[in-house]
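The values are calculated or read from the model by the stated rules, or taken from the named source; none is laboratory data. Fair warning: this is a prediction, and the values are worked out from it, not measured in the lab. Note that each Cβ is placed from the backbone with ideal geometry, even for glycine, and that neighbours are counted across all protein chains shown.
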Amino acid sequence: MTESSPSPDDLLHDRIVSLIERGAGWLPFDEFMHEALYAPGLGYYSRPGRPIGFGAGDGSDFVTAPVMSPLFGRALARQVSEALDATNTSVVYEFGAGTGELAAQICSALSTSRSRQNWKYCIVELSSNLRSLQRQSLEGRFGDRISWLNCLPSTFEGVIVANEVLDAMPVKLLHFDGEKWSERGVGLGGARWQGGGPSGGIRFHWVDKATTLRPPYDHNQWVAGTVTEIHQQARAWISTIADRLRRGAVVLLDYGFGDTEYYHPQRLGGTLMCHQLHRADADPLADVGRKDITAHVNFTGIALAGQDAGLSVLGYTNQARFLFNCGLLSDMEQASVSERVMAQRLVLEHEMGELFKVLAFATSSDCFDAMGFREGDRSHKL
């Protein structure tokens, strides 16, 4: 009887165990999260499947705004088009395009614009699986206007769009025990894992280590047992964008808060969350590679990192206000009843309207009065 080959779960588990052992029994959580999500061929976003969809019945794990309603992309496309005009550029760069719905919506809007003939759409996608899904959906519809990149160009001009990208960037975890801060990482012990790889029988567990790291906002009211996140990779990402963007704008859409709300003393457990089959849990050490791991965005930190790198903030508001400013209400008036129902989820306060925010930048010499923030701008609260 021949032995079966190790499963992707086993191989990913063994890979992480090896990293922990090489780190003397401890792996920083941001490195663990990177492996769980992006390890080549093994991480969550590297595996076959369709992570984004309407419900567990289609095998997906979560839904995004462009999947929920095409009116999302139609409204956002108006801001993108205005930004292209204001910065005198012609290329849209989308980071992490999911299954391609938002790209299709923006490209369709640009295609039907009588005033816009010369435009291109570039998707920067690390996941080969998602890139394949995007090609199936987009290549036949938009031809050579759309292309894919493995990484960001060394210099470029254009308008960057990133919807629910920052929340999937690995974060560091900090733990306050009532007296001191520690960095929370991952270690080994026990027999929780039941896999068949060489390291089967070894489970992951939390291990704290002394650190000089601190939350960026300190109100001196921390409660013992507090766990929170810091977003070094997201800040580095926007700094890299700023360094390479010669002319253009950046539009970021995601769920999160400004730092006073993010680091509120009552937010004891932080924001780390996992998504699997449209159910949420807070245990990233279980089902590693099978589920998404996310953390809310600290928009104050992102805004400051962008400004420190030379970008200017165009505006900051919640998703509901942004979409209304970009014409969603008139789109809904012309839509069918079923389309209106789905579009309402984009703006209702208890759905995506308040938790999701929009932050936009422009290169310092190309600032303009962006339509998405003309009413309800909250930049002063960052």
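Brief remarks on what is shown
- Residue tally, condition more than 20 Å from N88 (Cβ to Cβ) and free of Cβ contacts under 8 Å to residues at least 24 places away in the same chain, over the stretch 348-381: 3
- Criterion: farther than 30 Å from D10 by Cβ, surrounded by 15 or more Cβ atoms within 10 Å (Cβ to Cβ) and at pLDDT 95 or above - qualifying residue of D331, D369: D331
- Applying a threshold of 7 Å to beta carbon distances and a minimum spacing of six or more residues, or different chains, the list of pairs starting in the stretch 271-282 at a residue that is touching a residue at least 40 places away in the same chain (Cβ under 8 Å) and ending at one that is of a type in the set (F, W, Y) reads H275/F62; H278/F62.
- Among the residues of the stretch 242-265, those that are in contact with a Phe, Trp or Tyr (Cβ under 8 Å, 6 or more places away or on another chain), under 30 Å from S81 (Cα atoms) and assigned to a helix (DSSP H, G or I) comprise A242, R244.
- Qualifying residue in the stretch 353-375 (condition: over 25 Å from S69 (Cα atoms), in a loop (DSSP other than H, G, I, E, B) and out of contact with any helix residue (DSSP H, G or I) (no Cβ under 7 Å at 6 or more places or on another chain)): yes
- S147 passes every criterion in (1) in a helix (DSSP H, G or I); (2) more than 27 Å from V347 (Cα to Cα); (3) in contact with a Cys (Cβ under 6 Å, 6 or more places away or on another chain); (4) not hydrophobic (A, V, I, L, M, F, W, C) apart from (1).
- Scanning the stretch 349-382 for residues that are of a type in the set (A, V, I, L, M) and either more than 24 Å from L166 (Cα to Cα) or more than 21 Å from the chain's Cα centre (by Cα) (or both) yields A370, M371.
- Here R378, R290, R374 are screened, and the one residue that is surrounded by fewer than 20 Cβ atoms within 10 Å (Cβ to Cβ), modelled with pLDDT of 95 or more and either aromatic (F, W, Y) or within 21 Å of D259 (Cα to Cα) (or both) is R378.
- Filtered by the rule that a residue be among the β-branched types (V, I, T) and surrounded by fewer than 18 Cβ atoms within 10 Å (Cβ to Cβ), the stretch 146-175 gives a lone residue, T155.
- Residue match in the stretch 286-308 (condition: in a loop (DSSP other than H, G, I, E, B), out of contact with any helix residue (DSSP H, G or I) (no Cβ under 9 Å at 6 or more places or on another chain) and closer than 30 Å to D14 by Cα): yes
- Selected residue [among the aliphatic types (A, V, I, L, M) and under 15 Å from Y44 (Cβ atoms)] from L314, L277, L346, L268: L277
- Yes/no for Q117 being without any contact (Cβ under 8 Å) to a residue 12 or more places away in the chain and either out of contact with any strand residue (DSSP E or B) (no Cβ under 7 Å at 6 or more places or on another chain) or assigned to a strand (DSSP E or B) (or both): yes
- Scanning the stretch 335-347 for residues that are surrounded by 22 or more Cβ atoms within 10 Å (Cβ to Cβ) and without any contact (Cβ under 8 Å) to a residue 40 or more places away in the chain yields one hit, V347.
- Qualifying residue in the stretch 173-185 (condition: modelled with pLDDT of 95 or more, within 20 Å of the chain's Cα centre (by Cα) and part of a strand (DSSP E or B)): yes
- Count of the stretch 119-128 residues, restricted to those that are at pLDDT below 90 and either of a type in the set (A, V, I, L, M, F, W, C) or over 15 Å from F95 (Cα atoms) (or both), is 1.
- Flag not set for I16, criterion: touching a strand residue (DSSP E or B) at 6+ places or on another chain (Cβ under 6 Å) and within 28 Å of I230 (Cα to Cα).
- Residue pairs whose Cβ atoms lie under 6 Å apart, sitting 6 or more positions apart in sequence or on different chains, and linking a residue in the stretch 231-258 that is of a type in the set (D, E) to a partner that is part of a strand (DSSP E or B), are D254/V297.
- Of the helices (runs of 4 or more DSSP H) lying entirely inside the stretch 1-114, those carrying at least 1 residues that are touching a residue at least 12 places away in the same chain (Cβ under 8 Å), small (G, A, S) and surrounded by 22 or more Cβ atoms within 10 Å (Cβ to Cβ) are 29-38, 65-68, 70-87, 101-111.
- Filter result for E183 (farther than 24 Å from H13 by Cβ, of a type in the set (D, E, K, R) and either touching a strand residue (DSSP E or B) at 6+ places or on another chain (Cβ under 6 Å) or surrounded by fewer than 21 Cβ atoms within 10 Å (Cβ to Cβ) (or both)): no
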